[in-house]
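Taking it in order: structure first as structure tokens, then the write-up.
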Amino acid sequence: LDITSRVDSQPGEAGLLGVAFDPAFRSNGYFYVDYVHVTSSGARKVRISRFRDTSRGANVADANSEKVVLELDHPNGDHFGGWIGFGPDGMLYISHGDGGNEPLAQDTSSLFGKILRIQVNADGNYTVPADNPFGNAVWAYGFRNPWRMSFDTETGQLWAGDVGQENIEEVDVVVSGGNYGWNRLEGTECYA
């Protein structure tokens, strides 16, 4: 997949952030890419897009098959987060950093500083699962920049690595509705 012209590859935290294969990839050829995009006006956006591999074994994806699933305006040049993956429940989980705007991590109506959980529909649009705790895409909140996550293959638990400000890094078991403290806490220490 070559989408070089769409990706902001400036030095720092921009660029390609994550890739996830659809649970039915072998039959539908869909995969999802999380990347930083800069519009013609210079605005930064984090995009979650679906692409399709139609090459049948040649491992070449069609760049023109892009369907933007979710796009988030991004105020600064860091804390994009960027891990995406499908959970055992078939939902797409997305880590999204605070964008350098620390208070947003505690605001459950904002998508910054969060772990998101969405249902991607057959048409490439998404819906919010009815059991999400806040009635929106937010699954858990209070993160600074959760940049890597993984589902435990035995328990199904979601684990996330989150960066601290200067002193404490975190590895968290992420649960529905969980508050992981940022920007009030850096790990186990008071911050704000």
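Brief remarks on what is shown
- Convex hull of alpha carbon positions in region 96-192: directionally averaged projected area 6.7 nm².
- With loop membership from DSSP and a limit of 15 other Cβ atoms within 10 Å, the longest segment of the chain without GluC sites (Glu not before Pro) is 1-153.
- Taking all protein chains as shown and a probe of 1.4 angstrom, M149 keeps an accessible surface of around 20 Å².
- When the Gaussian network model of the chain links Cα atoms closer than 10 Å, the mean-square fluctuations of N167, N145, N136 top out at N167.
- Legend: P(r) of region 137-187 from all alpha carbon pair distances, 5 Å bins from 0, whole percents, reading 5, 21, 31, 25, 12, 5, 1.
- Scaling against 2.2 N^0.38 Å puts the C-alpha radius of gyration of the chain at 1.01.
- Sulfur and carbon atoms: percent of accessible area, the chain [1.4 Å]: 48 percent
- Label sites at F21 and I168, each approximated as a point 7 angstrom past Cα along Cα to Cβ, lie 3.8 nm apart.
- Note on region 123-192: with charges restricted to the Cβ of Lys and Arg (+1) and Asp and Glu (-1), its dipole about the Cα centre is near 200 debye.
- Euclidean distance between Cα centres, region 159-182 to region 1-25, Å: 24 Å
- Computed helical MRE - 222 nm, the chain, DSSP H runs ≥ 4 contributing -39500 (n - 2.57), nearest 500: -500 deg cm²/dmol
- Gained length - T127 relative to D152, 0.36 nm times residue gap less alpha-carbon distance: 6.5 nm
- Only Lys, Arg, Asp and Glu carry charge here, each on its Cβ (+1 for the first two, -1 for the last two); on that basis the chain has a dipole of about 680 debye about its Cα centre.
The values are calculated or read from the model by the stated rules, or taken from the named source; none is laboratory data. Since the model is a prediction, treat every value here as computed from it, not as a measurement. A quick note on method: Cβ atoms are made from the backbone with ideal geometry, for glycine too, and the neighbour counts reach across all protein chains shown. Side chains are part of the model used for accessible areas, which takes the heavy atoms of the whole protein and leaves out ligands, DNA and RNA. Shrake-Rupley method; radii C 1.70, N 1.55, O 1.52, S 1.80 Å.
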